[in-house]
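First the structure, in the form of structure tokens, and then the observations on it.
Each value in this text was obtained by applying a stated rule to the coordinates, not by laboratory testing. Because the structure is predicted, anything quoted here is derived from the model rather than measured. A quick note on method: Cβ atoms are made from the backbone with ideal geometry, for glycine too, and the neighbour counts reach across all protein chains shown.
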Amino acid sequence: MTVYLIHFERRYKHAGHYLGYSSDLVSRIRAHRLGQGARLLQVVNDAGIRWFVVRIWDGGYDLEHALKARRNAPQLCPVCNPRQQVEMMSGTLGMSEDVSSSLDAWAFKEWLFRQEPGEVVGLADEPLVCPLSCWLGVVYGGQWQVNASWYRWRAGDGAFWQDWQALPPWAMTFVSVLGERYGCAPVFASQALELLGWVLVDVGSQGARQALNNMVFEEVS
């Protein structure tokens, strides 16, 4: 089970966050995007307010209830509380402190190959559950956060986040085009694999970017 915190880009009346839990986070976030489930997120969607998953914990109803009882979602949110963004990792990765080697494009490609073509491998523009975050979590463990240019790691709930690391060029291009093409929609393994192939042909090329943006991706039913 996973408890998750959603941050609203602007407040809806009194609300600036949503806290929930699920046994399948990707499917749950997808349902929220479609206006299914929590009433608050339905009206937030209708109001045109953008929102993102900004924090996750291992736990279920009891942890969700305990966190809600604190009534301090802004303190838990790394967007609202800058201290959350600059925490240093207390402990070790169990690997080199420089984790840049973790983001190997060919290892990511191999992982995508092992998934079923129609399997959802993440949500395109969700830093904690995008395809790269999901892959890194499966392979290396812990929690990974990936945005347009940076990524970071922590061992788990209660652990401090490691310093932000710069994404390699291929990953920056992949994340950027993925978000432009799919927004926050679920991404299938076949779609991620096809996009990654284009990225690896010409990383950072404007021509490749334009070609990617004009591509018609095969829908997987």
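Spin-label model, Gln165/Glu180: points 7 Å from Cα along the beta carbon direction are separated by 2.6 nm. Rounded to whole numbers, the Karplus 3J(HN,Hα) couplings from phi for region 149-163 are 10, 9, 8, 8, 9, 8, 5, x, 4, x, 7, 7, 6, 6, 4 Hz, using 6.51 cos²θ - 1.76 cosθ + 1.60 with θ = phi - 60°, and x at Gly and Pro.
For region 1-55, the set of trypsin sites (Lys or Arg not before Pro) satisfying both a DSSP loop assignment and a count of at most 12 other C-beta atoms within 10 Å is given as Lys13.
Using R0 = 35 Å, the C-beta based FRET efficiency linking Val201 and Ala31 works out to 0.50. Using a simple spin-label model with pseudo-atoms 7 Å out from Cα toward Cβ, Arg50 and Asp157 lie 3.0 nm apart.
Spacing of the modelled spin labels on Glu9 and Glu119, each 7 Å from Cα toward Cβ, amounts to 3.2 nm.
How much length would be gained if the chain were fully extended between Arg39 and Val139, taking 0.36 nm per residue of separation minus their Cα-Cα distance, in nm to one decimal? Don't skip to the end; give the middle numbers.
Values: separation 100, 0.36 × 100 = 36.00 nm, distance 3.51 nm.
Extra length from Arg39 to Val139 when fully extended: 32.5 nm.
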